[in-house]
């Protein structure tokens with residue numbers, strides 16, 4: 001477990017979250033990349049954590065964002081809670097035991113949507129952090145499943161700036177997208193003079209979930225080139241308490257990349273989201289790799305499969321075919337499905353392994369009534385081994 005910063009003894013757990021003073025409006029702008037990244041993560045329902053110095057408006061911004069969106073916001077201060085406040089209080093019922101959820105979780109469940117705000121996360125001791133694991137990742141509190149419409153947002157001061165601060169445990173840190181909260185003096189001055197503008201949660205337009213499939217393909221193509229980054233837990237406790245690459249955070253990266261695209265986010269916002277999930281090093285490599293891809297437009301390829309030229313580099317070939325298969329599954333028709341097979345047939349001669357991986361995806365998404373195209377014979381052995389072709 002991480003180190004403890006500071007030597008003061010905690011005075012006790014007697015303060016109720018309901019007694020916390022009301023926060024002032026947030027002094028932030030939607031154009032700030034960190035603010036925009038926060039709103040995209042909330043819209044995509046990816047757990048997010050704001051790191052920043054005390055008194056810089058993190059709590060205010062989160063509450064103002066929830067109020068502007070009309071979302072119920074339940075604030076829970078981790079340092080004054082016990083593990084049972086998240087894992088549930090054991091209650092004997094008949095011959096068994098159930099874990100009763102606290103009232104704040106019941107209120108969110110009754111509302112069907114909302115924002116769970118975990119404040120002062122870096123002051124939570126190890127036992128409380130362990131109890132938070134299922135809450136953050138699965139939105140499970142005791143025996144209660146929170147609705148899918150509930151977003152999880154946290155705020156923390158760096159351990160050296162927090163009262164009785166702790167480094168986050170690696171398992172908890174790996175469940176969050178970490179964003180660095182910085183203050184722009186001009187924004188503060190403008191806010192003091194003219195009022196604060198609350199962050200706005202974007203509406204994710206279109207079938208952005210289908211775009212997530214293509215984003216997963218891009219991440220998969222990158223990890224074929226850099227397999228060492230598929231899972232690279234840091235050995236230093238302080239570094240392990242921030243974003244680092246793992247299968248879970250790469251999956252979060254793909255989801256946030258698709259959500260950022262649907263929200264029309266800037267390049268700086270996308271960069272903040274990627275680095276927040278997998279860390280600065282892995283994030284910088286992934287972003288550089290993406291910038292050098294220069295992939296063909298999958299819709300143009302499907303419109304004219306005969307024009308498709310397989311890229312020479314294996315990673316680009318994998319990414320291009322992943323984009324084509326994602327485009328087919330996003331708008332699935334017999335005609336587009338057949339066009340996808342013609343693209344794979346062209347790729348089969350130059351990169352049979354890569355084409356076979358894409359073929360398994362297409363085979364799983366056969367439209368009802370679509371005839372088997374002749375190109376599928378090229379992949380018959382692979383598809384039979386996978387149980388996708390009789």
*asked:* I need the full set of residues from segment 115-138 which are within 18 Å of residue 46 (Cα to Cα) and in contact with a strand residue (DSSP E or B) (Cβ under 6 Å, 6 or more places away or on another chain), in order please.
replied: 115, 116, 117, 118, 119, 121, 134, 135, 136
*Inspect all residues belonging to segment 271-282 and state whether any of them is within 24 Å of the chain's Cα centre (by Cα), at pLDDT 95 or above, surrounded by 19 or more Cβ atoms within 10 Å (Cβ to Cβ) and not in a helix (DSSP H, G or I).*
yes
_Quick check on segment 18-41. Is at least one of its residues modelled with pLDDT of 50 or more, within 17 Å of residue 166 (Cα to Cα), in the same structural domain as residue 136 (by TED's automatic domain parsing) and touching a helix residue (DSSP H, G or I) at 6+ places or on another chain (Cβ under 7 Å)?_
no
*asked:* Regarding segment 84-97, can at least one residue be identified that is in contact with a helix residue (DSSP H, G or I) (Cβ under 6 Å, 6 or more places away or on another chain) and either crowded, with 20+ Cβ neighbours inside 10 Å or not in a strand (DSSP E or B) (or both)?
replied: yes
_Residues located in segment 138-164, provided they are part of a helix (DSSP H, G or I) and at pLDDT 90 or above_ = 138
*So which residues in segment 169-183 are modelled with pLDDT under 90 and touching a helix residue (DSSP H, G or I) at 6+ places or on another chain (Cβ under 9 Å), if there are any at all?*
182
*What number of residues within segment 165-197 are surrounded by fewer than 19 Cβ atoms within 10 Å (Cβ to Cβ) and assigned to a loop (DSSP other than H, G, I, E, B)?*
4
*What number of residues within segment 322-370 are in contact (Cβ under 8 Å) with a residue 60 or more places away in the chain and assigned to a helix (DSSP H, G or I)?*
7
_Take the conditions outside any helix (DSSP H, G or I), within 27 Å of residue 274 (Cα to Cα) and free of Cβ contacts under 8 Å to residues at least 12 places away in the same chain and apply them to residue 55. Does it pass?_
yes
*Checking residue 235 against (1) without any contact (Cβ under 8 Å) to a residue 60 or more places away in the chain; (2) assigned to a helix (DSSP H, G or I); (3) not assigned by TED's automatic domain parsing to the domain that holds residue 357, which test does it fail?*
(2)
*asked:* Just to be sure before I move on: is residue 259 buried (at least 23 other Cβ atoms within 10 Å of the Cβ), assigned to a helix (DSSP H, G or I) and outside the structural domain of residue 159 (by TED's automatic domain parsing) in the structure I sent?
replied: yes
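The values are calculated or read from the model by the stated rules, or taken from the named source; none is laboratory data. None of these values were measured; they are calculated from a predicted model. Please note: Cβ atoms are built from the backbone with ideal geometry, for glycine as well, and neighbour counts cover all protein chains shown.
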